[in-house]
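For reference, the structure is listed below as structure tokens.
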Amino acid sequence: MKYRVLVEQDEDGVFVVEVPSLPGCISQGETRAEALLNIQEAIHAFVESLDAHDEPIPPSIAEEIVEVAV
């Protein structure tokens, strides 16, 4: 499965990553690459936990980019 993630750098320079379609699935890393690797592990653990508790696994969110002239 593919999940859309949001990456933001906080005021301390740490990269924080969250998965909108998996509420509470958040990770971080000192670098963007580390944060992305960590969120992959977090997603895997999150989905395994849902499966273990017979909870439905949310589908990934479709994403579109919209261009707006300003």
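Every read-out reported here was derived from the displayed coordinates using simple, explicitly stated rules and does not represent laboratory data. Please read these numbers as outputs of a predicted model, since none were measured by experiment. Methodologically, a virtual Cβ is constructed for each residue, glycine included, from the backbone with ideal geometry; neighbour enumeration extends over all protein chains shown.
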Between beta-carbons, use under 14 Å as the cut-off and find the net charge around residue 36, counting Lys and Arg +1, Asp and Glu -1. -2
About the Cα centre, charge dipole magnitude for the chain (Lys/Arg +1, Asp/Glu -1 at Cβ), debye: 200
